[in-house]
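Below: one structure, written as structure tokens.
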Amino acid sequence: MVSKFTSSQPAIGIIGGTGLYDLPELEHSQWVAIDSAFGLPSDELMFGEIDGVRLVFLPRHGRGHRLSPTEINYRANIEVLKRAGVTQIISFSAVGSLNDQLKPGTFVMVDQFIDRTFSRNKTFFGDGLVAHVSMAQPVCGRMVGSLTDVSDASSIEFCSGGTYLVMEGPQFSTLAESELYRSWGADVIGMTNMPEAKLAREAELCYSTVAMVTDYDCWHPDHENVSVGAIMRVLEENLENARILIRGVAQKLAAHSGPCIDQCDRSLEHAITTTQEARRIEAVGRLRVVADRVLTTRTE
């Protein structure tokens with residue numbers, strides 16, 4: 001089904017992580033199923049508004065937390081958000097801290113990633129149509145600035161900037177792994193924001209991550225090893241701040257118009273390397289939502 005909600009009208013996308021499975025704050029909300037050329041997304045999309053701003057919400061793990069980090073169809077998730085008219089994505093993720101200064105309850109506006117995942121489809125491209133996008137600056141600086149401003153004004157404890165190491169999971173780290181990642185300079189660790197950030201870049205969407213610290217992983221000598229129970233207790237406290245942040249930042253992000261200053265919306269401009277005559281028709285068709293701007297306006 002292609003929903004009547006599929007639209008070119010710009011919207012802000014919210015990807016909810018562990019514990020964030022709906023947004024009761026949305027007005028005129030409705031769950032809608034939208035098909036993807038890349039299989040089933042994690043769940044239906046919730047369409048609605050906050051103070052007149054159009055938002056589209058997707059629970060990353062599905063309602064009820066049905067999907068492990070490896071089982072998530074990241075490609076379908078990003079593609080259906082773009083089908084729904086989303087141009088900017090705020091991704092919420094529960095993480096462990098690898099930095100003594102980032103205590104549980106802190107929100108980290110991530111600006112870098114280290115991708116240690118190995119069992120996931122990480123690109124929309126290939127099989128007849130190849131592209132290489134830059135990931136040097138993997139998040140939208142404009143969005144990070146807006147999230148930082150609203151967090152500060154809302155008295156939410158936050159850190160602007162930080163490196164998120166994405167592990168495969170679903171198991172938590174060994175102590176040796178935790179210490180290794182700390183030695184690399186990673187600040188937080190989680191299981192979900194890769195390849196999500198890479199796919200958002202390939203889809204020419206502005207993307208930002210709010211990493212909600214729930215624990216100290218297992219490296220901290222003065223804190224108990226990470227457990228689901230401990231994480232969930234802190235997570236409940238974080239969810240209220242997440243909802244405050246969403247409401248506060250919606251108007252600020254919606255006010256943006258014109259091209260992205262970080263060129264997130266033009267990331268495919270020179271990325272496609274497959275010549276026009278060598279492109280497989282099936283691949284072109286599959287990528288019409290993700291890459292239509294360059295497929296219809298450029299001859300590589």
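The values are calculated or read from the model by the stated rules, or taken from the named source; none is laboratory data. Everything numeric in this text was worked out from a predicted model, so none of it was measured. Here Cβ is always computed from backbone atoms with ideal geometry, including for glycine, and neighbour counts include all displayed protein chains. Quick note on the areas: whole protein, heavy atoms, side chains included, nothing else; ligands and nucleic acids left out. Shrake-Rupley method; radii C 1.70, N 1.55, O 1.52, S 1.80 Å.
Looking at segment 214-228, is at least one residue surrounded by 15 or more Cβ atoms within 10 Å (Cβ to Cβ), among the polar types (S, T, N, Q), at pLDDT below 95 and in a helix (DSSP H, G or I)?
Scanning segment 214-228, I find no residue that is surrounded by 15 or more Cβ atoms within 10 Å (Cβ to Cβ), among the polar types (S, T, N, Q), at pLDDT below 95 and in a helix (DSSP H, G or I), so the answer is no.
Could you go through segment 85-94 and let me know if any residue there is within 29 Å of ALA33 (Cα to Cα), open to solvent by 50 Å² or more (accessible area, probe 1.4 Å) and touching a strand residue (DSSP E or B) at 6+ places or on another chain (Cβ under 9 Å).
yes
Need pairs with beta-carbon distance below 9 Å; first residue assigned to a loop (DSSP other than H, G, I, E, B) and within segment 61-72, second open to solvent by 30 Å² or more (accessible area, probe 1.4 Å) and of a type in the set (Asp, Glu); sequence gap 6+ or separate chains.
Hits for this filter: HIS61/GLU71; ARG63/ASP22; ARG63/GLU44.
Take the conditions surrounded by 22 or more Cβ atoms within 10 Å (Cβ to Cβ), of a type in the set (Val, Ile, Thr) and touching a strand residue (DSSP E or B) at 6+ places or on another chain (Cβ under 8 Å) and apply them to VAL108. Does it pass?
So VAL108 passes the test.
Run down GLU236, GLU277 and say which single residue is modelled with pLDDT under 95, farther than 30 Å from GLY126 by Cβ and open to solvent by 20 Å² or more (accessible area, probe 1.4 Å).
GLU236
Across segment 280-300, which residue is surrounded by the most Cβ atoms within 10 Å (Cβ to Cβ) among those that are outside any loop (DSSP other than H, G, I, E, B) and among the β-branched types (Val, Ile, Thr)?
Only one residue fits best here, namely VAL290.
Identify, please: which residue in segment 8-35 is of a type in the set (Ser, Thr, Tyr) and without any contact (Cβ under 8 Å) to a residue 60 or more places away in the chain and is, among those, nearest to VAL56 (Cα to Cα)?
Restricting attention to segment 8-35, the residues satisfying the condition of being of a type in the set (Ser, Thr, Tyr) are 8, 18, 21, 29.
Pick out the ones that are also without any contact (Cβ under 8 Å) to a residue 60 or more places away in the chain and you get 21, 29.
Details: TYR21: 13, SER29: 9 Å.
It comes out as SER29.
Regarding segment 154-173, can at least one residue be identified that is aromatic (Phe, Trp, Tyr) and over 18 Å from ALA242 (Cβ atoms)?
Yes, there is a match, as at least one residue in segment 154-173 is aromatic (Phe, Trp, Tyr) and over 18 Å from ALA242 (Cβ atoms).
Quick check on this structure: which one of PHE125, PHE158 is under 22 Å from ARG293 (Cβ atoms) and of a type in the set (Phe, Trp, Tyr)?
PHE125
Out of all the residues in segment 111-151, which are open to solvent by less than 60 Å² (accessible area, probe 1.4 Å) and acidic (Asp, Glu)?
Once the filter is applied, which keeps residues that are open to solvent by less than 60 Å² (accessible area, probe 1.4 Å) and acidic (Asp, Glu), segment 111-151 yields only ASP115.
Residue under question is ASN73, and the condition is that it be under 13 Å from the mean Cα position of the chain (by Cα), open to solvent by 30 Å² or more (accessible area, probe 1.4 Å) and either more than 19 Å from SER208 (Cα to Cα) or at pLDDT 95 or above (or both); does it hold?
yes
Could you list all residues from segment 154-175 that are over 20 Å from TYR74 (Cβ atoms) and open to solvent by less than 20 Å² (accessible area, probe 1.4 Å)?
Answer for segment 154-175, where residues must be over 20 Å from TYR74 (Cβ atoms) and open to solvent by less than 20 Å² (accessible area, probe 1.4 Å): ILE156, GLY161, GLY162, SER173.
So which residues in segment 143-163 are part of a helix (DSSP H, G or I), over 18 Å from the mean Cα position of the chain (by Cα) and of a type in the set (Ser, Thr, Tyr)?
Going through segment 143-163, the residues part of a helix (DSSP H, G or I) turn out to be 143-153.
Cutting the leftovers down to over 18 Å from the mean Cα position of the chain (by Cα) gives us 149-153.
Within segment 143-163, just SER151 meets the criteria.
Would you please name the residue that is farthest from SER146 (Cα to Cα), looking only at residues in segment 245-274 that are open to solvent by less than 70 Å² (accessible area, probe 1.4 Å) and without any contact (Cβ under 8 Å) to a residue 60 or more places away in the chain? Spell out the reasoning first.
So the first thing to find is which residues in segment 245-274 are open to solvent by less than 70 Å² (accessible area, probe 1.4 Å), and the list is 245-246, 248-250, 253-254, 256, 258, 260, 264-265, 267-269, 271-272, 274.
Cutting the leftovers down to without any contact (Cβ under 8 Å) to a residue 60 or more places away in the chain gives us 258, 269.
Details: GLY258: 16, GLU269: 26 Å.
That would be GLU269.
Output yes when any residue across segment 196-204 is open to solvent by less than 10 Å² (accessible area, probe 1.4 Å), within 20 Å of ILE89 (Cα to Cα), part of a strand (DSSP E or B) and touching a helix residue (DSSP H, G or I) at 6+ places or on another chain (Cβ under 8 Å), and no when none is.
Looking through segment 196-204, none of the residues is open to solvent by less than 10 Å² (accessible area, probe 1.4 Å), within 20 Å of ILE89 (Cα to Cα), part of a strand (DSSP E or B) and touching a helix residue (DSSP H, G or I) at 6+ places or on another chain (Cβ under 8 Å).
Restricting attention to segment 18-48, and to residues there that are among the β-branched types (Val, Ile, Thr) and in a loop (DSSP other than H, G, I, E, B), which single residue is farthest from VAL210 (Cα to Cα)?
Among those that are among the β-branched types (Val, Ile, Thr) and in a loop (DSSP other than H, G, I, E, B), it is ILE34.
I'm told SER178 meets every condition in (1) farther than 21 Å from LYS122 by Cβ; (2) outside any loop (DSSP other than H, G, I, E, B); (3) open to solvent by 10 Å² or more (accessible area, probe 1.4 Å) except one. Can you identify the failing condition by its number?
If we test SER178 against (1) farther than 21 Å from LYS122 by Cβ; (2) outside any loop (DSSP other than H, G, I, E, B); (3) open to solvent by 10 Å² or more (accessible area, probe 1.4 Å), just (3) comes out false.
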